[in-house]
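Student: Here it is: the structure, laid out below.
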Amino acid sequence: MSISFEQNSPSYVRDFKVPRKLDIQNALGKLDDNNINSVFTEEFYETFDSLPLPKKETDWLAQYVEKGQTYTEFLQLSRTLHTKSSYHRKVIYLTLFGQIDNTIFDIDSLMDYTQRFFQMEVKLINPFINVKWNDEKNQWICTMSLNNGKNRNFNLRTRYNEETKHSQICVTGILNLLKKVVPDDARCLIALSMCDLYGDDTDLFIAGLAMGNCRVATFSLYRYDPYLTFNESDWFSCKLKSATESEKQIAKRRNLLLLRACRLLTHEICHLFGIAHCIYYSCLVNGSGDLEEDFGQPLLECPVDLRKLYSLINFNICTRYEQLLTFFKMHDFLDEIKMVETKLNIIKHSPEPNSSNSSMLTKIVKRKRANKINTKNDAFLTAATVPEDEEVSETSAKHTKCH
Ligand SMILES: [Zn+2]
Ligand SMILES: [Zn+2]
């Protein structure tokens, strides 16, 4: 599929129902917590942009019907994903898969951001000792340290193009390796890579894949490098701008890659936590059909998804925003600084919560089957419906596929 730019914006895909104000209120649910009530004022809602109309036919909502996920539906699903037996799983683990060039990819800052965003502990582990290219086999091979203390070599399913010498690694192979080493206290284990990934033969590439029921996911930042240009029809046709550049240019590239990585990783972890694509506002958890749409989306979640995260993690909303603001200032994320400052200003000057509203408790309807919440191509859905030892064959990352 090639991207075409039309004079008139395409509309949402047929059968998609644009949420009305009442739908958004229903999605938020009855506010039953003083901490939430004191933040979720009319002025606070006004700091969020409405859901944008698709600009081109590859945009997510021009392609897929999303039904949205209300707060109540999230709570229902959440009970199946976050049970008493998983209560001790409080750590987000990250790992690096393959070579990472520290001059362009800032893993420390990405970890710092993830910790501030989710208000959870984030740890880096290194089960992958080596990921190297085998010239004779034209294949990627990985050496891994297993939980029994032994090292083992694994051949990774690879596709390779003789002409351009470009290669891609099949994503399911990496997920199966991650399953072998996921720590018991891990809420999730995510491998980040600069290797280019694919899922099946028709893919141009995939940004990644999550296997939520096994708490593992992998994402590639290869296509997120601002210096990369690629052909929309040939997976093997990629060009990296030559790297003779000033320190200022290197810093700019590294900062932009960091911003993109922050958005990708937090979006995907939201999915691993059970949050489906959002249709209520312009939001971090909106689906994106291609990189251009992805890059235009905000780094923060809307009130509906903020409420979901709050209910799961129980953080202080104001403290979290303050910590995110510090991060945005450290990295000159100018749009985000403005966005958070506006919200903080309103939160800090809002009146006491409305007592009549706070007395209205949320009524949780009886739990439906998890797989009835039908959000196509979503990571957590695969999680809820695929048996643990079965390979996930469907792409579940932020971008379905860019063919
Ligand atoms: Zn949202
Ligand atoms: Zn997504």
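Student: What fraction of the DSSP beta bridges in the stretch 21-385 is antiparallel, stated in percent and rounded to the nearest 5? Please report the intermediate quantities before stating the final value.
Tutor: On the way: 22 of 41 bridges.
Roughly 55 percent of the DSSP beta bridges within the stretch 21-385 come out antiparallel.
Student: Let me know the charge dipole size of the stretch 124-218 about its Cα centre in debye, to the nearest 20, where only the beta-carbon of Lys, Arg (+1) and Asp, Glu (-1) is charged.
Tutor: Details: 11 positive and 10 negative charges, 95 e Å.
For the stretch 124-218, the charge dipole is close to 460 debye.
Student: With +1 on each Lys and Arg Cβ and -1 on each Asp and Glu Cβ, and nothing else charged, work out how big the dipole of the stretch 1-94 is about its Cα centre, in Debye to the nearest 20.
Tutor: Numbers: 12 positive and 13 negative charges, 105 e Å.
Dipole about the Cα centre, nearest 20: 500 debye.
Student: Roughly how many debye, to the nearest 20, is the charge dipole of the stretch 21-385 about its Cα centre, given +1 on each Lys and Arg Cβ, -1 on each Asp and Glu Cβ, and no other charges? All intermediate terms of the calculation are to be shown ahead of the outcome.
Tutor: Working: 45 positive and 45 negative charges, 309 e Å.
Here the size comes out at about 1480 debye.
Student: Please provide three numbers in whole Å: the alpha-carbon extents of the stretch 21-385 along the principal axes, with the largest listed first.
Tutor: 72, 47, 38 Å, listed from the longest principal axis down.
Student: Report the Cα centroid-to-centroid distance between the stretch 199-268 and the stretch 59-125 in angstrom, as an integer.
Tutor: 17 Å
Student: Identify, among Gly274, Phe154, Ser85, the residue whose Cα sits farthest towards the positive end of the charge dipole of the stretch 21-385, taking +1 on the Cβ of Lys and Arg and -1 on the Cβ of Asp and Glu, with the dipole about the Cα centre.
Tutor: Checked the options; the winner is Ser85.
Student: What's the exposure ranking of His349, His331, His277, going from fewest to most Cβ atoms within 10 Å?
Tutor: His349, His331, His277
Student: Tell me, what is the FRET efficiency for Ser85 and Lys132 to the nearest 0.05, using R0 = 25 angstrom and their Cβ-Cβ distance as r? Working shown, then result.
Tutor: Values: r = 38 Å, r/R0 = 1.54.
With R0 = 25 Å, the Cβ-Cβ based efficiency is 0.05.
Student: Follow-up. Hand me the chymotrypsin sites (Phe, Trp or Tyr not before Pro) from the stretch 84-118 located in a DSSP loop with no more than 12 other Cβ atoms within 10 Å, in residue order please. Could the numbers behind the result be given before it?
Tutor: Values: sites: Tyr87, Tyr93, Phe97, Phe105, Tyr113, Phe117, Phe118; in loops: Tyr87, Phe105.
For chymotrypsin sites (Phe, Trp or Tyr not before Pro) across the stretch 84-118 that sit outside H, G, I, E and B with at most 12 neighbouring Cβ atoms in 10 Å, the list reads Tyr87.
Student: Something else: Towards the positive end of the charge dipole of the stretch 21-385, with charges on Cβ (+1 Lys, Arg; -1 Asp, Glu), say which of Gly212, Ile100, Thr41 has the farthest Cα.
Tutor: Sorting the options by dipole projection puts first Gly212.
Student: Over the stretch 21-385, calculate the relative contact order: mean separation of alpha carbon pairs under 8 Å at least 6 apart, over the residue count, as a percent.
Tutor: Numbers: 585 pairs, mean separation 94.6, N = 365.
Across the stretch 21-385, relative contact order equals 26 percent.
Student: Loop-only check: which GluC sites (Glu not before Pro) in the stretch 119-162 are DSSP coil with at most 16 other Cβ within 10 angstrom? Please list the in-between numbers first.
Tutor: Working: sites: Glu121, Glu136, Glu162; in loops: Glu136, Glu162.
Sparse-neighbourhood loop GluC sites (Glu not before Pro): Glu136, Glu162.
FYI, it's all coordinate maths here, none of it is from the lab. Because the structure is a prediction, the values reported are computed rather than measured. Cβ: placed from backbone, ideal geometry, glycine included. Neighbour counts: every protein chain shown.
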